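The values are calculated or read from the model by the stated rules, or taken from the named source; none is laboratory data. Just so it is clear, the structure is predicted and the values come from calculations on it, not from any experiment. All Cβ positions, even for glycine, are placed from backbone atoms using ideal geometry, and neighbour counts span all protein chains on display. Surface areas here come from the heavy atoms of the whole protein model, side chains and all, with no ligands, DNA or RNA. Shrake-Rupley method; radii C 1.70, N 1.55, O 1.52, S 1.80 Å.
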Amino acid sequence: MRNCLLIAATLTLLTTVRAQTPVVIDHHFSNTDAQSLIGLPMGSHKTTVDKKGNLKWSQWSLKRRELDSPIGFSAQMDGGLTITASLNTNSTPQAFNVEGQHLYRNRYPFVVTNLSASNVTLEELALAADPDNIPSALPNAHSGTHALDLIRLTFTNNTATSQIIELRLSGRERNLPGHVTRSALITHGGEDVALLTAGDGATISAKDNGLTLSAQLTLVPHSHHVAWLRLPYEYPAAKNMQLTPLSNDHLLEKAIAQWNGLWARGTRIEVPQQDLDDFYQASIAYLLMLTEYDNHGDLWVLDGPDVYRQYWGRGEYFQARAMEVAGYLAPARESVVHALHIQNDDGEWDGPPASGWPAWDNSGGNVASVWEYFQYTRDKQFLAAAYPFMLNASRWIRDHREESKLEDDDTVPQGARPIRRMISSKCRTEPQPKLKPGEHTYWYGLLPWSYGDSGLPEGHSFSHNFLADYAVKVTAEAAHTLNHPTDEQWLNQEYADFTSAIRTSVDRAVTLEKISPPYLPAMPTYPEGAYSQTFLAIFPTALYKPTDPLVEGLLARMEHEEKQGVPTNVAWAGAAGVWPGEAMNMAETYLLRDDAEHTASMLLAAANHSYTTDTFKEEILVDITQPRACDTPHSKRANGEGTGDQPEAWGSANYVDLFRDMLVQERDDAVHLLSGIPHNWIKPGQHITVDQAPLNTGARLSYTFSYIDKNHLKLHLAITQPTRFVLHLPLNPEEIDEVRVNNAPGWIASTVPFTATTSADIEVRFKHRYMIH
């Protein structure tokens, strides 16, 4: 009872705070050890930019990786360039210190680092450029022949006296140091590290035994000086004259045009808060940069640029879905095709072996990605080609559930007992409560013993089973679509049996819970485990309704333990840390409950845990006095420090997914509009626009929601096929005088259902005695 009252009081306080949350992204909870990324969309060269503006990259791309490469294979970072500047006007040089970083024009994936020394400033602009790109086209596996990183260094003297500045460059390529050769750093192996165009009046020299390139500049009062660096991708210095005839300014313009062209191909979203729009476009950019072609021409969706430069099937669902809802169906299709190519011949979909094996949620992520792509495209031919892989995975799931039905005791012959698969890392041991005579194990009928991940013990996590069960469900739907009645019958039966086993195990796990109210557990015998993946039971699998009492209990527990507006106890860091990217996936549950305030609050809180270049770290430590879920080195850091990789693709994908779903979400056989938009997100004179949004019915939707004045709202909508809609007006019903759908009166409600064949117009008039804001 004490816990219940405490949680209830906390929820009341949180609701009050959330209602007053300003709509702003200022990154005030950013991790202290952040890094940023520049690169080309769907390119193999990814360059991280540290907080001082230095660059690091790795030749360990997917095209070179060994099959047994360990986690972090690309984090060796065997190339790098250190960039330092000092003010040398006086006898004692003064180093330029970093004042901050941000994205170019707040959305382009180019990193701007601002530095200063006294009253002299330096702006470093770092970006990736491809002289050969066609701005309106998506890249392919063969693009980027002459690609390079480009850095613009702009020095500004804001004083009334001349100032002397020294720029120093040192670096390596393939772990070979760069040697000063005229105005360049070149390895003795003949590859470029960096080419400097220092500008008029610069004095170039070699220092540190020829390993440092020095450029000395004199700036007259109130003047600017621009220097440029080119870092070609693995390029022989002997061919530098063939690199590109384009000027540096032209390369910058071309890079801007490339991203404008890519964004123009996708779903356009406009809300009154420019921060949210910019974050959306930047997130799409990171998603496309965190893809890469392997030696076979397959496109991988990656979780990060160096530590997590790997493929996880469970992440495929959210990352491919983000590309789909954002309108990038072609790369989404390529990523799904890659998933088909890596299935084992017995139907097992697992990996990566070096870090997350065995993890049965990979099957669910891959199968669901196939089905999701079909829904958005209605490409029946593609579904028919992918169906055997879906069916093979479902057979594997059906057959291997038998392992958990075999008791590991004398009732089963020694040679027939279930195995404990080798795993690469461990969190803690799965508890095994004593059973009564004849009583089944708590995980009876679930998938076999496996890797835990996300702060869960190795064993039988529910998240693996939620997604695997969903794989069987959507395979049954595919069988129905393709007219395979025999398959459909056994798949539906398997889904019913598996779902029953999950629910039985969940109900037994609830009896082991130590706090109230009862909540949806993480594991059969360790219900209090990190619960981020537990929310998979609600979205996307719909195994549990968002209003189920166990989901209510889970939300109450989550809100009671959250810090800085986002949940704790979500993964490795336990109660000591937060996982901003995953918080947005969890917020989908609030959206399904039509709780716009909670949804928007968590989106903003998560975004404010991103770095100033809109990149997410995996987990961030926020209270190191609290216990961790796992006793691992990466969870033992200082407050503000992060774990994992950066950018984390899940964070970018989940932002795109949630932000889009707040405006357009398919559920309950209808398309819900604006269900995640609180009343304070739009004011008189403002509008919300969604243009060319793909729907999972295969249709395309565009609409503009205009707050014309304090007494009048209007929605104009266009759709490519007949569709049922539910419009959620960001208003209280008491404020509404009349809602007209296609000029037909009769509605006085904030939730308006309607059907549109090709278009629809909705007008809302307010009662004069109510003021909305």
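If only one of Arg309, Arg314 is at pLDDT below 95, within 27 Å of Gly79 (Cβ to Cβ) and buried (at least 22 other Cβ atoms within 10 Å of the Cβ), which one is it?
Criteria check complete, one pass: Arg309.
Hey, can you tell me all the residues within segment 77-103 that are without any contact (Cβ under 8 Å) to a residue 40 or more places away in the chain and either closer than 21 Å to Pro305 by Cβ or part of a strand (DSSP E or B) (or both)?
Here is the first cut: in segment 77-103, the ones without any contact (Cβ under 8 Å) to a residue 40 or more places away in the chain are 90-92, 94-97, 99.
Result: Gln94, Ala95, Asn97, Glu99.
Scan segment 669-683 and tell me whether some residue there is touching a residue at least 60 places away in the same chain (Cβ under 8 Å), open to solvent by 30 Å² or more (accessible area, probe 1.4 Å) and touching a strand residue (DSSP E or B) at 6+ places or on another chain (Cβ under 9 Å).
Yes: segment 669-683 contains one or more residues that are touching a residue at least 60 places away in the same chain (Cβ under 8 Å), open to solvent by 30 Å² or more (accessible area, probe 1.4 Å) and touching a strand residue (DSSP E or B) at 6+ places or on another chain (Cβ under 9 Å).
If I ask for residues that are assigned to a helix (DSSP H, G or I) and either acidic (Asp, Glu) or under 21 Å from Asp453 (Cβ atoms) (or both), which ones from segment 502-537 would you list? Can you show your working first?
Within segment 502-537, the first condition is being assigned to a helix (DSSP H, G or I), and the residues that meet it are 502-510, 533-537.
The answer is Ile502, Ser505, Val506, Asp507, Ala509, Gln533, Thr534, Phe535, Leu536, Ala537.
Do we have Pro358 as under 15 Å from Ala468 (Cα atoms), touching a strand residue (DSSP E or B) at 6+ places or on another chain (Cβ under 7 Å) and either of a type in the set (A, V, I, L, M) or open to solvent by less than 60 Å² (accessible area, probe 1.4 Å) (or both) here? Working first, answer last.
Numbers: under 15 Å from Ala468 (Cα atoms): yes; touching a strand residue (DSSP E or B) at 6+ places or on another chain (Cβ under 7 Å): yes; either of a type in the set (A, V, I, L, M) or open to solvent by less than 60 Å² (accessible area, probe 1.4 Å) (or both): yes.
So Pro358 fits the description; yes.
Look at segment 445-500 and say how many of its residues are open to solvent by 20 Å² or more (accessible area, probe 1.4 Å) and in contact with a Ser or Thr (Cβ under 6 Å, 6 or more places away or on another chain).
1
Between residues in segment 386-397 that are of a type in the set (Lys, Arg) and residues that are modelled with pLDDT of 95 or more and buried (at least 20 other Cβ atoms within 10 Å of the Cβ), which pairs lie under 6 Å by C-beta distance while being six or more apart or on different chains?
Arg395/Gly347
Would you be able to tell me the number of residues in segment 563-596 that are touching a residue at least 12 places away in the same chain (Cβ under 8 Å) and either surrounded by fewer than 19 Cβ atoms within 10 Å (Cβ to Cβ) or in a loop (DSSP other than H, G, I, E, B) (or both)? Walk me through how you get there before you give the answer.
So in segment 563-596, the residues touching a residue at least 12 places away in the same chain (Cβ under 8 Å) come out as 563-594, 596.
Filter again for either surrounded by fewer than 19 Cβ atoms within 10 Å (Cβ to Cβ) or in a loop (DSSP other than H, G, I, E, B) (or both), leaving 563-565, 567, 569-573, 575, 579, 593-594.
The qualifying residues number 13.
Quick one: which residue in Thr625, Thr613 is assigned to a loop (DSSP other than H, G, I, E, B) and under 20 Å from the mean Cα position of the chain (by Cα)?
Sole residue among the options that is assigned to a loop (DSSP other than H, G, I, E, B) and under 20 Å from the mean Cα position of the chain (by Cα): Thr613.
Which residues, taken from segment 131-163, are open to solvent by 10 Å² or more (accessible area, probe 1.4 Å) and at pLDDT 95 or above? Break it down stepwise before answering.
Pass one, segment 131-163, residues open to solvent by 10 Å² or more (accessible area, probe 1.4 Å): 131-146, 152, 154, 156, 158-163.
Listed by number, the residues that qualify are Arg152, Thr154, Thr156, Asn158, Thr159, Ala160, Thr161, Ser162, Gln163.
Testing Tyr707 on (1) over 26 Å from the mean Cα position of the chain (by Cα); (2) hydroxyl-bearing (Ser, Thr, Tyr); (3) within 30 Å of Ala368 (Cα to Cα), one condition comes back false. Which one is that?
Just one mismatch for Tyr707, condition (3).
Assess whether Ala95 counts as being modelled with pLDDT of 95 or more, open to solvent by 40 Å² or more (accessible area, probe 1.4 Å) and hydrophobic (A, V, I, L, M, F, W, C).
Values: modelled with pLDDT of 95 or more: yes; open to solvent by 40 Å² or more (accessible area, probe 1.4 Å): yes; hydrophobic (A, V, I, L, M, F, W, C): yes.
Yes.
Residues Glu403, Glu407, Glu372: which one is among the acidic types (Asp, Glu), within 20 Å of Trp443 (Cβ to Cβ) and either open to solvent by less than 10 Å² (accessible area, probe 1.4 Å) or at pLDDT 90 or above (or both)?
Working: Glu407 fails: either open to solvent by less than 10 Å² (accessible area, probe 1.4 Å) or at pLDDT 90 or above (or both); Glu372 fails: within 20 Å of Trp443 (Cβ to Cβ).
Residue meeting the stated conditions: Glu403.
Within segment 537-552, is even one residue modelled with pLDDT of 95 or more, among the small types (Gly, Ala, Ser) and within 30 Å of Leu673 (Cβ to Cβ)? Break it down into steps so the answer makes sense when it comes.
Step one: list which residues in segment 537-552 are modelled with pLDDT of 95 or more, which gives 537-552.
The next check asks that each one be among the small types (Gly, Ala, Ser); those that pass are 537, 542.
Now drop any that are not within 30 Å of Leu673 (Cβ to Cβ), which leaves 537, 542.
There is at least one residue in segment 537-552 that is modelled with pLDDT of 95 or more, among the small types (Gly, Ala, Ser) and within 30 Å of Leu673 (Cβ to Cβ).
Here's a check for you: in segment 734-770, which residue that is open to solvent by less than 60 Å² (accessible area, probe 1.4 Å) and without any contact (Cβ under 8 Å) to a residue 24 or more places away in the chain is nearest to the chain's Cα centre (by Cα)?
Ser750
Condition check ((1) open to solvent by 20 Å² or more (accessible area, probe 1.4 Å); (2) of a type in the set (S, T, N, Q)) across all residues:
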site	(1), (2)
Leu604	no, no
His609	no, no
Ile620	no, no
Ala629	no, no
Asn639	yes, yes
Gly644	yes, no
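Restricting the search to segment 260-313, which residues are farther than 24 Å from Leu695 by Cβ and charged (D, E, K, R)?
Hits for segment 260-313 are Asp275, Asp278, Glu292, Asp294, Asp298, Asp303, Asp306, Arg309.
Examine segment 589-599 for a residue that is closer than 30 Å to Ile38 by Cβ and either modelled with pLDDT under 95 or over 13 Å from the mean Cα position of the chain (by Cα) (or both), and state whether such a residue exists.
Initial filter on segment 589-599 (closer than 30 Å to Ile38 by Cβ): none.
There is no residue in segment 589-599 that is closer than 30 Å to Ile38 by Cβ and either modelled with pLDDT under 95 or over 13 Å from the mean Cα position of the chain (by Cα) (or both).
Yes/no matrix, rows are residues, columns are (1) assigned to a loop (DSSP other than H, G, I, E, B); (2) under 15 Å from Gly304 (Cα atoms); (3) polar (S, T, N, Q):
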{"site": "Pro22", "(1), (2), (3)": "yes, no, no"}
{"site": "His28", "(1), (2), (3)": "yes, no, no"}
{"site": "Leu37", "(1), (2), (3)": "no, yes, no"}
{"site": "Trp60", "(1), (2), (3)": "yes, yes, no"}
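In segment 206-230, what count of residues is obtained for those that are open to solvent by 30 Å² or more (accessible area, probe 1.4 Å) and either in contact (Cβ under 8 Å) with a residue 24 or more places away in the chain or hydrophobic (A, V, I, L, M, F, W, C) (or both)? Working first, answer last.
So in segment 206-230, the residues open to solvent by 30 Å² or more (accessible area, probe 1.4 Å) come out as 206-209, 211, 216, 218, 220-222, 224, 226, 230.
Imposing the further condition that a residue be either in contact (Cβ under 8 Å) with a residue 24 or more places away in the chain or hydrophobic (A, V, I, L, M, F, W, C) (or both) reduces the set to 206-208, 211, 216, 218, 220-222, 224, 226, 230.
Final tally of qualifying residues: 12.
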